[in-house]
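Chemist: Sharing a structure with you now.
Rule-based calculations on the coordinates, nothing more; no lab input. Fair warning: this is a prediction, and the values are worked out from it, not measured in the lab. Cβ placement follows ideal geometry from the backbone for every residue including glycine, while neighbour counts extend to all protein chains displayed.
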Amino acid sequence: METSAEGAAEAGGSGAAQGDSPVSVDPATTTEAVTTGEPVTAVEPVTTVEPVMPVQPTATAEPVTPVQPTATGAPVAPVEPVVAAEGVAGVRAVAGGAAGVVGGGAPVAIVPASLSPSRASDFMQCPLLYRFRVIDRLPEKPSEAATRGTLVHAVLERLFDAPAAERTAPRAKSLIPAQWDRLRESRPEVLELFADDPEGERLARWLGEAEQLVERWFTLEDPTRLEPAERELWVEAELDSGLTLRGIIDRVDVAPTGEVRIVDYKTGKAPRPEYAEGALFQMKFYALVVWRLKHVVPRRLQLVYLGSGDVLTYDPVLADLERVERKLLALWDAIRQATESGDWRPRPTKLCGWCDHQAHCPEFGGTPPPYPLPVRAAESGDRTQGRMGPD
Ligand code: SF4
């Protein structure tokens with residue numbers, strides 16, 4: 001799933017460059033095999049690795065399922081996912097340290113208790129943004145792009161309810177109205193997007209764009225040949241250090257041989273190759289969680305960009321996941337120090353243009369709300385909040 005910030009990042013092509021990984025961004029024009037009945041894996045010719053596998057029904061393969069965190073690390077506050085908002089979902093600390101309850105229905109300040117790919121990216125982009133989203137939980141306006149992404153994800157997920165032969169583009173597009181109704185019911189705030197559109201022209205155009213994205217998916221993958229092991233899979237794992245990682249994986253394919261492919265849909269455009277590593281950070285995060293849960297290194301990570309018709313793949317090895325784990329531990333250490341000290345630095349970039357919190361940001365003449373958590377004096381050994389890339 002993507003957040004508004006991730007959508008902005010895709011549009012803006014941000015991220016850290018690291019060009020020596022076996023990453024492949026395949027334009028849609030290379031995927032002809034999908035529509036001519038070749039194995040699914042022929043879609044992504046990653047020249048440096050073996051093809052993954054044709055994905056068949058997984059009668060013998062053990063699906064990747066969320067399991068209880070291993071109890072090997074330091075205890076953390078019990079958490080409950082906040083699932084209402086895709087973009088700013090945080091984790092509410094229900095014991096052991098929540099502070100600063102704000103009355104009148106305002107958001108409740110929370111102590112960070114776990115890390116998701118989106119929030120990790122937030123901190124790497126701008127520590128103050130992380131604070132606004134996770135600790136202050138300041139509200140954010142829905143965006144057309146993020147809401148369209150949520151709608152398209154729902155359609156692609158529901159399509160797999162149909163028998164394989166019926167997973168056609170017309171069938172997928174026919175799901176859009178009902179999924180839009182469901183989205184409006186579950187998140188009424190999205191109606192704000194079209195409050196100034198009494199004739200419904202902008203809504204019709206927006207729904208048409210969603211249709212195009214859904215249609216493009218059929219040029220990239222062939223759902224009649226796929227039988228996902230999991231869709232919209234909630235995963236959570238605790239590292240030995242006590243850090244809890246969590247997230248939602250769009251799709252998990254498991255071959256009869258047990259090889260795992262993690263798939264994520266993006267409704268934006270593929271990043272330029274020099275930024276591919278930043279885009280893959282989320283996927284490596286998920287691969288790390290799967291590895292920790294199932295002791296299996298996923299065979300392939302696959303990002304499907306519906307906005308530009310590209311498929312970006314990466315075949316991780318154990319060293320990749322160990323590197324991501326070290327990175328996340330360092331990130332979490334920096335987050336914990338900032339939480340305790342109250343020192344959350346703004347880090348202005350071109351992505352500020354998509355930030356909902358400029359009115360509270362010193363970089364734009366604003367003032368953050370009073371810090372709602374207890375603080376301690378900074379120690380000389382505290383690390384600075386220097387720029388942290390995704391890998
Ligand atoms: S506007 Fe301020 S808080 Fe938002 S991303 Fe930019 S620097 Fe960070």
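Chemist: Take Ala178 and Leu203, extend 7 Å from each Cα along the Cα→Cβ direction, and tell me the distance between the two endpoints in nm.
Modeler: So the two model labels end up 2.0 nm from each other.
Chemist: Now for a different question. Compute the distance in nm between two label points, each set 7 Å from the Cα along the Cα-to-Cβ direction, one at Ala330 and one at Phe160.
Modeler: 3.4 nm
Chemist: In whole percent, what relative contact order does the range 144-224 give with Cα contacts below 8 Å and a gap of six or more residues?
Modeler: The value is 45 percent.
Chemist: Apply the Karplus curve 6.51 cos²θ - 1.76 cosθ + 1.60, θ = phi - 60°, to the phi angles in the range 324-340 and return the couplings in whole Hz, x for Gly and Pro.
Modeler: Listing the rounded values in order: 5, 4, 4, 4, 5, 5, 5, 4, 5, 4, 5, 5, 5, 5, 5, 4, 6 Hz.
Chemist: Further question on the same structure: Using the Karplus curve 6.51 cos²θ - 1.76 cosθ + 1.60 with θ = phi - 60°, work out ³J(HN,Hα) for each residue of the range 218-232 in order, rounded to whole Hz, and write x for Gly and Pro.
Modeler: Couplings: 6, 8, 10, 9, 10, x, 6, 10, 10, 9, x, 6, 8, 10, 6 Hz.
Chemist: Compute from the Cα atoms of the range 144-224 the Rg and the Dmax, the latter being the longest Cα-Cα distance, and quote both in angstrom.
Modeler: Cα radius of gyration and Dmax of the range 144-224 are 13.1, 41 Å respectively.
Chemist: I would also like to ask the following. Counting only residues 5 or more places away or on other chains, whose amide H sits under 5 Å from the amide H of Glu230 once H atoms are built in the peptide plane?
Modeler: Residues meeting the criterion, in which the H sits 1.01 Å from N, are Val252.
Chemist: Oh, and also: Quick one: Karplus J couplings for the range 206-213, per residue in order, coefficients 6.51, -1.76, 1.60, θ = phi - 60°, nearest Hz, x for Gly and Pro?
Modeler: With the stated coefficients, the range 206-213 comes to 4, 5, x, 5, 4, 4, 4, 5 Hz.
Chemist: Based on Cβ point charges of +1 for Lys and Arg and -1 for Asp and Glu, what charge dipole magnitude is obtained for the range 144-224 about its Cα centre, in debye rounded to the nearest 20?
Modeler: 240 debye
Chemist: Return the lysines within reach of Lys294: Cα separation strictly under 24 angstrom, same-chain partners fewer than 8 residues apart disregarded; answer none if there are no such residues.
Modeler: Lys284, Lys327
Chemist: To continue, here is another question. Scan around Leu243 for amide H atoms under 5 Å from its own, H built in the peptide plane at 1.01 Å from N, and keep only partners 5 or more places away or cross-chain.
Modeler: It is none; the list stays empty.
Chemist: I want to make sure I understand the PRE zone here: with the label point 7 angstrom from the Cα of Ala195 toward its beta carbon, which residues in the range 131-152 have backbone N atoms less than 15 Å away?
Modeler: Counting only backbone N, you get 139-144.
Chemist: Return the long-range amide H neighbours of Arg347 (sequence gap of 5 or more, or a different chain), with a cut-off of under 5 Å between placed amide H atoms.
Modeler: Excluding prolines and chain starts, which carry no amide H, the hits are Leu128, Leu129.
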